[in-house]
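Worksheet: one structure, shown below.
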């Protein structure tokens, strides 16, 4: 009887851990890929129903932050501050449909050039 309880507890714990991993993998995320020669001091991304902040991200490094599903579609605005004082601002439309596996990627190149892509 005790062995059955231990086995059942192990199965439940394993299922919970697997569910958490799948949820984490499927959650929307923001990535900063720094291909420049200066640090990204901070990225602030204001989504329709939340705010995400990342930084600092050193040259030739990357960082990732997961965020919860948004409750409404709307405009997403960002402010990216580089270590040399350059500040880049912009925005894009954010839709709530198909948020699972979504990646918002900010790729920072030399010369203060930033590419923003949304996939998933």
Inset, instruction - Would you kindly give the portion of the calculated P(r) for segment 28-119 that falls above 16 Å, as a percent of all Cα pairs? - result: 48
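Tell me, in nm to one decimal, what length is gained between residue 93 and residue 53 on full extension, where the rule is 0.36 nm per residue of separation less the Cα-Cα distance?
Details: separation 40, 0.36 × 40 = 14.40 nm, distance 1.85 nm.
Once the chain is fully extended between residue 93 and residue 53, it gains 12.6 nm.
Sort 63, 68, 119 so that the residue with the fewest other Cβ atoms within 10 Å of its own Cβ comes first and the one with the most comes last. Present the calculation step by step, with values, prior to reporting the outcome.
On the way: 63 17, 68 11, 119 8.
Final ranking by Cβ density, sparse to dense: 119, 68, 63.
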Inset, instruction - Using the number of other C-beta atoms within 10 angstrom as an exposure proxy, rank 113, 108 with the fewest first. - result: 113, 108
Inset, instruction - Using a Förster distance of 30 angstrom, determine the FRET efficiency expected from the C-beta separation of residue 26 and residue 2, and round it to 0.05. - result: 0.25
Legend entry - Ranked 35, 115, criterion: other C-beta atoms within 10 Å, fewest first: 115, 35
Inset, instruction - Report the residues of segment 37-61 in range of a label on residue 72: point 7 Å along Cα→C-beta, backbone N strictly under 12 Å from it. - result: 48-50
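Bear in mind that the values in this text are calculations on the coordinates, not laboratory data. Computed from a predicted model, the values in this text were never measured in an experiment. Every residue, glycine among them, receives a Cβ derived from its backbone with ideal geometry; neighbour counts consider all protein chains shown.
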